[in-house]
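The values are calculated or read from the model by the stated rules, or taken from the named source; none is laboratory data. Source: prediction; values computed, not measured. Every residue, glycine among them, receives a Cβ derived from its backbone with ideal geometry; neighbour counts consider all protein chains shown. The protein model used for the area step is the full one, side chains on, heavy atoms only, and it has no ligands, DNA or RNA in it. Shrake-Rupley method; radii C 1.70, N 1.55, O 1.52, S 1.80 Å.
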Amino acid sequence: QAFAQGYECLGSVFLEAPSDWEMLIKDVVIDLQKIERFDVKHLTRLNDAVFNLVEEDEVSVDVCRQLFQLVSKIHGAYTAGHISSSHRAEYIGLLGTLQNQHFFPRTKCKVIRDWISEALGPLDATSMPVDDKEVKILQTKQALQEELTQLRALQEAVNAFLTFNLTTQSDAKPKDVEKKIKETQKTPPETKKKSTAEPKPGWQVQTDSGWVYYDEAVQALLRAATMAGDATCEIFAQNQYYMVDLTKMTQTNPATGNERKVRQLGAAIQAPEMPKLSFKRLMAEFRQMELTISAGTETDILRCEPLEDNLMEWEVDMVFPVESKLQKSLDNLAASMLDPALNKVVLCVRFPVEYPASPPEVWLRRPRMKYQSGPVTFGGRICNMLLATTGWHPGNSMLTVLKEVQLSMADEVEADTTVSVRREYSKASVQLDRLKTELFPTANGFCKDGMTALSAAEASAFLGDLSRLEKSDKICLPLAHASMIYQRAEQGAVL
């Protein structure tokens with residue numbers, strides 16, 4: 001809701017030439033860089049200048065750099081409480097406009113989205129001060145807590161002194177006392193190491209006063225660059241633009257050429273490994289299916305063959321118990337069409353590249369079933385907890401999977417005998433990569449009613465970078481995103 005309210009304050013400014021837009025943004029950025037305290041009119045003015053840009057408008061690298069420096073300054077003012085919380089909607093609206101601009105690199109868009117998540121979090125006194133008065137209160141509170149800790153330590157020392165038993169210590173022999181004193185003075189090296197607190201993980205730069213941590217915005221930029229495998233990363237710190245070489249571990253000031261050393265504390269971030277398909281496991285599963293069919297131990301599974309010599313896609317013929325609802329409808333269909341081959345179903349089993357870490361997909365090819373018929377979707381995909389990411393276990397065999405599919409369909413699905421019964425379900429669409437990210441951890445791993453289908457390009461506005469997908473792929477979003485989608489459409493976005 002706060003994100004949607006941020007768009008209500010947008011104005012209507014229209015210029016003819018792309019160069020006029022760049023000139024407008026440059027003038028606005030230059031004017032706002034002189035502002036010490038930002039208010040709603042400054043946020044609205046910058047939002048107006050950026051919001052009406054189109055993809056054909058080009059923005060120079062220099063203007064892009066100045067714009068990001070200005071937004072970083074606004075973020076710092078908001079985080080420090082110099083921008084009133086009553087302007088939270090305008091602040092989020094500005095970041096929402098900037099998060100997917102074509103002239104920003106991917107790392108900067110990621111930082112802006114992190115700022116949006118930070119602003120949408122709980123607004124309490126511990127995470128985001130509202131004004132200077134509250135900042136002083138928090139500082140006073142922290143100082144009092146430190147003083148209280150010191151007083152408690154002093155109280156423990158006084159209690160130890162008052163309870164010290166001088167008589168018991170005097171009874172000990174002088175040599176024993178001297179030995180104990182020497183033992184206490186000799187601290188093993190391992191004990192000393194354990195007593196020192198480990199530094200928190202993160203990136204540091206070597207200054208004249210020692211090693212100093214970067215702020216959270218720069219930390220996020222460096223983490224993103226490391227994950228992407230970039231050799232260099234542009235950062236903005238201490239009101240200055242720097243270039244960090246992640247190979248040489250140096251920070252360079254482009255204006256002066258001065259270099260400083262940087263380092264990363266804690267375990268280095270490892271790029272995610274690409275999933276690997278276990279062909280050995282896949283071959284073992286296929287051989288088990290062949291042996292089961294040839295031995296006749298599972299009479300309900302009639303055939304299992306690779307589709308077009310592709311072992312990652314099987315075609316399976318299956319029948320059901322004679323008294324089941326589905327088998328009766330299949331027998332009636334075969335009798336009415338004078339085609340005995342219609343008394344069975346043909347399934348298509350597809351294996352992802354992550355198999356067996358991720359579940360396979362099972363699609364119904366023919367015949368068609370009645371609409372809203374049990375676990376079969378309108379497109380023919382079969383939904384089952386065993387085939388979902390949350391219910392899948394790598395130890396499940398394909399024979400178990402097919403038996404579970406048969407059990408779920410036997411009395412819940414009925415063949416359609418009223419429309420073009422010879423028409424098959426369309427071939428299963430190209431499988432989507434399962435994007436295990438924080439924003440969308442179970443892509444393609446669920447099947448629920450009430451979903452809205454978007455293309456990958458449209459879903460990028462809500463889920464981040466989806467360049468791994470094709471434009472024709474579809475994404476399902478929960479209805480919680482519906483109001484945001486409608487709001488974007490009302491603001492003129494082409495969906």
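Quick rundown of the values:
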{"quantity": "Leading residue by the ranking (farthest from the chain's Cα centre (by Cα)) among those in the range 204-223 that are closer than 20 Å to LYS73 by Cβ and assigned to a loop (DSSP other than H, G, I, E, B)", "calculated": "TYR214"}
{"quantity": "Residue list for the range 354-371, filter: of a type outside the set (Lys, Arg) and open to solvent by 40 Å² or more (accessible area, probe 1.4 Å)", "calculated": "ALA357, TYR371"}
{"quantity": "Inter-residue pairs, beta-carbon under 7 Å, first in a loop (DSSP other than H, G, I, E, B) and in the range 295-324, second surrounded by fewer than 12 Cβ atoms within 10 Å (Cβ to Cβ) and not small (Gly, Ala, Ser), 6+ apart", "calculated": "none"}
{"quantity": "Scope the range 44-58; condition open to solvent by less than 30 Å² (accessible area, probe 1.4 Å) and either basic (Lys, Arg) or closer than 16 Å to CYS109 by Cβ (or both); matching residues", "calculated": "VAL50, LEU53"}
{"quantity": "Flag if GLN238 is within 36 Å of the chain's Cα centre (by Cα), open to solvent by 40 Å² or more (accessible area, probe 1.4 Å) and modelled with pLDDT of 85 or more", "calculated": "no"}
{"quantity": "Residues satisfying the stated conditions in the range 190-211, i.e. exposed (fewer than 10 other Cβ atoms within 10 Å of the Cβ), polar (S, T, N, Q) and at pLDDT 50 or above", "calculated": "THR196, SER209"}
{"quantity": "Residue tally, condition of a type outside the set (Val, Ile, Thr), open to solvent by less than 10 Å² (accessible area, probe 1.4 Å) and free of Cβ contacts under 8 Å to residues at least 60 places away in the same chain, over the range 59-75", "calculated": "2"}
{"quantity": "Residue ID - most open to solvent (accessible area, probe 1.4 Å), chosen from residues in the range 76-89 that are of a type outside the set (Ser, Thr, Tyr) and modelled with pLDDT of 85 or more", "calculated": "GLY76"}
{"quantity": "Number of positions in the range 235-258 that are outside any loop (DSSP other than H, G, I, E, B) and in contact (Cβ under 8 Å) with a residue 12 or more places away in the chain", "calculated": "10"}
{"quantity": "Unmet criterion (only one of (1) surrounded by fewer than 14 Cβ atoms within 10 Å (Cβ to Cβ); (2) touching a Pro at 6+ places or on another chain (Cβ under 9 Å); (3) modelled with pLDDT of 90 or more) for LYS261", "calculated": "(2)"}
{"quantity": "Subset of the range 305-353 [open to solvent by 50 Å² or more (accessible area, probe 1.4 Å), polar (S, T, N, Q) and under 26 Å from ALA388 (Cα atoms)]", "calculated": "ASN310"}
{"quantity": "Filter result for LYS41 (more than 21 Å from LYS110 (Cα to Cα), open to solvent by 50 Å² or more (accessible area, probe 1.4 Å) and part of a helix (DSSP H, G or I))", "calculated": "yes"}
